[in-house]
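These notes concern the structure reproduced below.
The values are calculated or read from the model by the stated rules, or taken from the named source; none is laboratory data. Because the structure is predicted, anything quoted here is derived from the model rather than measured. Cβ coordinates were reconstructed from backbone atoms using ideal geometry, including for glycine residues, and neighbour counts include every protein chain displayed. For accessibility, only protein heavy atoms count, side chains too; no ligands or nucleic acids. Shrake-Rupley method; radii C 1.70, N 1.55, O 1.52, S 1.80 Å.
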Amino acid sequence: MSKTEIPYILAVACEDRPGIVARITGVIFEEGGNIAESQQFDDSLSGRFFSRIAFTPSGPGFDEARLRARLQALMAEFDADYRFERADVRRRVVILASKQDHCLADLLYRARTGDLAMDVVAVVSNHPISVYGSLNFGSVPFHHFPVLDGDKRAQERRISALIETLNADLVILARYMQILSDEFSAELNGRCINIHHSFLPGFKGARPYHQAFERGVKLIGATAHYVTGDLDEGPIIVQDVEAVSHRDLPDTLVRKGRDIERRVLARAVRYHIEDRVFVNGRTSVVFPD
């Protein structure tokens, strides 16, 4: 079912208790909503409940403002974290990139064609735009914020100010080869997605595909996760792998790895902007499409 057919999304996370689904769906029904999709998960280990409900107006009596007010009161009763939005609301996104541009190019293309319902309001790089050759940025503003004299925090403060000025909802690290400070990671908590070049845990440091080749790996992969102060250990959103063999040389692994990184990052971004991802401590709950 397309987004035009499911104009409202309600995503809820709270402590589990009896009757949550009945109460929420009852309010939606009473206010003229017709539920088209519903997914929920009761995490018995943490005692948390997670739900994503997509619904449409079913009659002339539907009143969005009244429904919002009733849901707000119900969510306060549950002490819930929630988001209630129209599915066609486009997220404002800032992309951070370095020299490798395969993920950046893919995200720009998907945003331009409507494959990802987001508006890229800025691309920020620690390298000048000339390193991207003929890459089509369209009307997306490009910002070159280098790290000067090793002062990474000064550069991060410039990025932070830009994110705030642009009122960005999401930050994507599209192979951004800079480690974010603990302060910046905390500031972006829950709204910054990174793509890692392996099916974590994996080969760290420089030339990961060459390390993989030297170890004779039979699977390569990629991991998209939320950024935290623990390097490459944030809650995982999407992972994927591809089989390789002794016939695959390092350059082949790099090419295949880039393909995996592109599709894993795009899927993670899609899940985030469609409110399918819930952070649950060090892990996550992801409702697939």
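Below are the figures for this structure:
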{"quantity": "Cα radius of gyration and Dmax for segment 190-289 (Å)", "calculated": "14.0, 41"}
{"quantity": "Two-site label geometry, residue 210 and residue 140: point separation in nm, points 7 Å out along Cα→Cβ", "calculated": "2.9 nm"}
{"quantity": "4 °C / 1.567 mPa s Stokes-Einstein diffusion coefficient of segment 184-244, Kirkwood radius on C-alpha pairs, µm²/s", "calculated": "105 µm²/s"}
{"quantity": "Net lengthening on full extension, residue 27/residue 165 (0.36 nm per residue, minus Cα-Cα)", "calculated": "46.0 nm"}
{"quantity": "Centre separation in Å (Cα based) which lies between segment 36-50 and segment 215-289", "calculated": "23 Å"}
{"quantity": "Lysine-lysine proximity count for the chain, Cα under 29 Å, sequence distance 8 or more or distinct chains", "calculated": "8"}
{"quantity": "Antiparallel bridge percentage (DSSP; both residues within segment 118-251; nearest 5)", "calculated": "65 percent"}
{"quantity": "Nearest 10 degrees, 0 to 90: helix 250-273 Cα axis against the chain principal axis", "calculated": "20 degrees"}
{"quantity": "Reference-scaled alpha-carbon Rg (2.2 N^0.38 Å with N residues) for segment 111-240", "calculated": "1.14"}
{"quantity": "Cα→Cβ-extended label distance, 7 Å offset, between residue 86 and residue 147, nm", "calculated": "4.2 nm"}
{"quantity": "Degrees separating the helix 64-78 axis from the principal Cα axis of the chain, which is the longest one", "calculated": "80 degrees"}
{"quantity": "The chain - percent relative contact order, Cα under 8 Å, separation 6 or more", "calculated": "15 percent"}
{"quantity": "At 1.306 mPa s and 10 °C, Stokes diffusion of the chain via Kirkwood alpha-carbon radius, µm² per second", "calculated": "77 µm²/s"}
{"quantity": "Amide H within-cut-off set for residue 244, under 5 Å, with H built and near neighbours excluded", "calculated": "219, 220"}
{"quantity": "Carbon and sulfur %, accessible surface of segment 98-183 computed with the full protein complex present, 1.4 Å", "calculated": "49 percent"}
{"quantity": "Amide H partners (placed H, <5 Å) of residue 119, local residues excluded", "calculated": "91, 92, 93"}
{"quantity": "Cut-off under 5 Å, modelled amide H: who pairs with residue 127 long-range", "calculated": "145"}
{"quantity": "Computed over segment 1-132, Cα set: Rg, Dmax in Å", "calculated": "19.1, 58"}
{"quantity": "Computed helical MRE - 222 nm, the chain, DSSP H runs ≥ 4 contributing -39500 (n - 2.57), nearest 500", "calculated": "-9500 deg cm²/dmol"}
{"quantity": "Using a Förster distance of 25 Å, the FRET efficiency for residue 17-residue 186 (Cβ separation, nearest 0.05)", "calculated": "0.25"}
{"quantity": "Cα-based helix-to-principal-axis angle, 152-165 vs the chain, degrees rounded to 10", "calculated": "40 degrees"}
